Amino acid sequence: MLSTLLIALIGLLVVNVSPPTESGQWVRQAAVIVLGLAMIRLWAMLLFRLLLPVLRIHPPRILEEILVVLGYIAWGLVLLRLAGLDLSHIVTTSAVITAVLAFAMQDTLGNILAGLSLQIDNSVEIGDWIKSGDLVGRVVEINWRATSVETRNWETVVVPNSVLMKNHFSILGKRRGNPQQWRRWVWFNINWDTLPTQIIGVVEKSLREAQLPGVAATPAPNCILMGFENGYTRYAVRYWLTDLAADDYTDSIVRTHIDAALRRHNLRMASPYYNVLTIKENEKYIEARMKRHLEERVLALRKVELLSSLNDEEMVVLADQLKFTPFVTGDIIMHQGAVAHWLYIMLSGEVEVWVELPDSGRKLVDVLKSGSFFGEMGLMTGESRTSTVIARSNVECLRLDKDAFQSILVSRKELAETISAILAQRLEEQRNRTPDSALDAEGDAPRRAELVDRIRSFFGLNKH
């Protein structure tokens, strides 16, 4: 704009200092016209982009464009008047033409007025997510004719302003005085034989502890019972989405956490109940599949150093009682200070081991990968957890409970001494990887004899 103004001024200067000619007059008139248009545009920019923002007034952009156009028209009328034309005759004789043009341009005028209304009353602002019919997207531009909306599918939909004004639309995630977040619904079904209070408690606890990306902490996610269908109860998890562009992705994350939480508590998703004719599987195939499944679990148990002294028969007994326990990224698998009488064997994934220290707060002390195990002190002595374990990625574990180990220790009491030696060595290795401040907080590591007494007392071996 400044370059145009400069060119017009230079043109006038050159014409004025040059000898008067007919071509010079044409250049002078053209320079005057361009100079007037440039001045109108410049004053509009100064008013709307410098002066009004200083006064904390932010009019819609479309108002600037309309006033500039009106200024251009006024400048044209002034030039015609200076040329000697009578504007009153022009206005009188063009009444019919004006009416015809207004009728022909009623859609355009409607779009202009609608766009002006949308911005003046702040019905829609740039960056708002809107939903109108099947259209869901983010507003990226509101001009004199239409509103441009970008969808999540990388489409730009151009909606005439008049159409937007005539139809109702929703502004997603917007509530006065609150941050942008949109409530989403995730549905799932569970069999009738499980108490609804148990389902709700398990799901809500898992989601609130996980701190999922894209899920608002306040309001917290909640689970509600929605009804009873054909053979199952229907539930919904309601959470508040903070990144409106990642709705499907965040829904998927929430679903995986729901599924993992239910599986950890031996709760399964349900499907509608129907009477279906089934064909019995081949017995040899079933037997082979179960054998392969058992062999895989025995192989996982043999990787646990703590159980290396068990014979093949005892390994098979334990393998048959292992529970498959999945976790997803962000799940808290164990809480420091909690009491749980089981051990986890990792089949896949990675977990982080954190220790809460009195003086320096929480510290990362280890990262365990596939093939590792943790929770052995809770299984063997019943002591509370000494660290917090968090899933760094999606993790699949096998869980060994105290009850499964009880019968083996009762029948072979000498195992307590062997296991205590391995356990003492493992505790010493863990202490070497733990910060000094954590060592002070935990105290001295128990010796082998002390561990033997704890194991026997915990499993009641002294009574047998």
| said: Could you go through the stretch 455-463 and let me know if any residue there is exposed (fewer than 14 other Cβ atoms within 10 Å of the Cβ), modelled with pLDDT under 85, part of a helix (DSSP H, G or I) and touching a helix residue (DSSP H, G or I) at 6+ places or on another chain (Cβ under 8 Å). | reply: yes
Of the residues in the stretch 318-352, those that are among the β-branched types (Val, Ile, Thr), over 19 Å from Leu306 (Cα atoms) and touching a strand residue (DSSP E or B) at 6+ places or on another chain (Cβ under 8 Å) come to Thr325, Val328, Thr329, Ile332, Ile333, Val351
Note on the stretch 246-260: residues open to solvent by less than 60 Å² (accessible area, probe 1.4 Å), within 28 Å of Gly127 (Cα to Cα) and either in contact with a helix residue (DSSP H, G or I) (Cβ under 9 Å, 6 or more places away or on another chain) or not polar (S, T, N, Q) (or both) are Ala246, Asp247, Asp251, Ile253, Val254
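Name the one entry in Ile253, Ile258 that is modelled with pLDDT of 80 or more, assigned to a helix (DSSP H, G or I) and in contact with a Cys (Cβ under 9 Å, 6 or more places away or on another chain). So that I can check it myself, show each step before the final result.
Numbers: Ile253 fails: in contact with a Cys (Cβ under 9 Å, 6 or more places away or on another chain).
That would be Ile258, the only listed residue that is modelled with pLDDT of 80 or more, assigned to a helix (DSSP H, G or I) and in contact with a Cys (Cβ under 9 Å, 6 or more places away or on another chain).
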* To do: Consider Leu398 carefully, then state whether it is open to solvent by less than 30 Å² (accessible area, probe 1.4 Å), modelled with pLDDT of 90 or more and in contact with a helix residue (DSSP H, G or I) (Cβ under 7 Å, 6 or more places away or on another chain).
  => yes
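Would you point out which residue out of Ala210, Ala216 is among the small types (Gly, Ala, Ser), under 24 Å from Asn178 (Cα atoms) and modelled with pLDDT of 90 or more?
Values: Ala210 fails: modelled with pLDDT of 90 or more.
Being among the small types (Gly, Ala, Ser), under 24 Å from Asn178 (Cα atoms) and modelled with pLDDT of 90 or more holds for just one of Ala210, Ala216, which is Ala216.
Go through Gly227, Gly177 for me and flag whichever is part of a strand (DSSP E or B), without any contact (Cβ under 8 Å) to a residue 12 or more places away in the chain and surrounded by fewer than 16 Cβ atoms within 10 Å (Cβ to Cβ). Steps first, answer last, please.
Values: Gly177 fails: part of a strand (DSSP E or B).
Within the list Gly227, Gly177, the selection yields Gly227.
Which of the residues that make up the stretch 149-174 are of a type in the set (S, T, N, Q) and either open to solvent by less than 50 Å² (accessible area, probe 1.4 Å) or in a loop (DSSP other than H, G, I, E, B) (or both)?
If we filter the stretch 149-174 for residues that are of a type in the set (S, T, N, Q), which is where we start, we get 151, 153, 156, 161-162, 167, 170.
If the condition is that a residue be of a type in the set (S, T, N, Q) and either open to solvent by less than 50 Å² (accessible area, probe 1.4 Å) or in a loop (DSSP other than H, G, I, E, B) (or both), then Thr151, Asn153, Asn161, Ser162, Asn167 are the ones that fit.
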Apart from one, (1) out of contact with any strand residue (DSSP E or B) (no Cβ under 8 Å at 6 or more places or on another chain); (2) surrounded by fewer than 16 Cβ atoms within 10 Å (Cβ to Cβ) all hold for Thr381; the odd one out is (2)
Contact list, first residue from the stretch 195-206 and open to solvent by less than 40 Å² (accessible area, probe 1.4 Å), second anywhere and of a type in the set (Gly, Ala, Ser) and part of a helix (DSSP H, G or I), beta-carbon distance below 7 Å, six or more apart or interchain, is Val202/Ala261; Val203/Ala261; Ser206/Ala261
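The values are calculated or read from the model by the stated rules, or taken from the named source; none is laboratory data. Predicted model, so just to flag it, every value in this text is computed and none were measured. All Cβ positions, even for glycine, are placed from backbone atoms using ideal geometry, and neighbour counts span all protein chains on display. The protein model used for the area step is the full one, side chains on, heavy atoms only, and it has no ligands, DNA or RNA in it. Shrake-Rupley method; radii C 1.70, N 1.55, O 1.52, S 1.80 Å.
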